Amino acid sequence: MTSITINGKIISILEKSYENKKTVYAQFLMESESKGMEILKVKITNESDISKLEKDAVVSIPVLISSVNGNLYYSQANQIKFHKELK
């Protein structure tokens, strides 16, 4: 079985509400030669991890990837691992 993990520093935490349901996303800045800079948004599905999220935290998030109309969407698949940043 293949597992995909997004590793990096959270640049922003985004909360959205729709029909009284709150959704939380962790955002990362990704750099590529073809697209330049783009924001990678990961939907956080584990309630216990939401309270631990903070800007500039260095994390590893196992993800599931969905594709709709050519766009990729990332959702948390398992518990987030929080790392101490190396200085």
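The values are calculated or read from the model by the stated rules, or taken from the named source; none is laboratory data. Computed from a prediction, not measured in an experiment: that's the story for all the values here. Here Cβ is always computed from backbone atoms with ideal geometry, including for glycine, and neighbour counts include all displayed protein chains. With ligands, DNA and RNA removed, areas are computed over all heavy atoms of the protein, side chains included. Shrake-Rupley method; radii C 1.70, N 1.55, O 1.52, S 1.80 Å.
Of these, L29, L14, L40, which one is more than 19 Å from K81 (Cβ to Cβ), in contact (Cβ under 8 Å) with a residue 12 or more places away in the chain and touching a Phe, Trp or Tyr at 6+ places or on another chain (Cβ under 6 Å)?
L14
If you scan the range 53-71, which residues turn out to be free of Cβ contacts under 8 Å to residues at least 40 places away in the same chain and open to solvent by less than 100 Å² (accessible area, probe 1.4 Å)?
Hits for the range 53-71 are S66, S67, V68, G70, N71.
Do the conditions hold for K16, that is, is it over 10 Å from the mean Cα position of the chain (by Cα) and of a type in the set (K, R)? Quick ask: steps written out before the conclusion?
Values: over 10 Å from the mean Cα position of the chain (by Cα): yes; of a type in the set (K, R): yes.
Here the answer is yes, as K16 does meet what is asked.
When the range 30-48 is examined, which residues are found to be assigned to a strand (DSSP E or B), over 13 Å from S75 (Cα atoms) and open to solvent by less than 100 Å² (accessible area, probe 1.4 Å)? Break it down stepwise before answering.
Residues of the range 30-48 assigned to a strand (DSSP E or B): 30-32, 36-44.
With the extra rule that they be over 13 Å from S75 (Cα atoms), the set shrinks to 30-32, 36-39.
Passing the criteria: M30, S32, G36, E38, I39.
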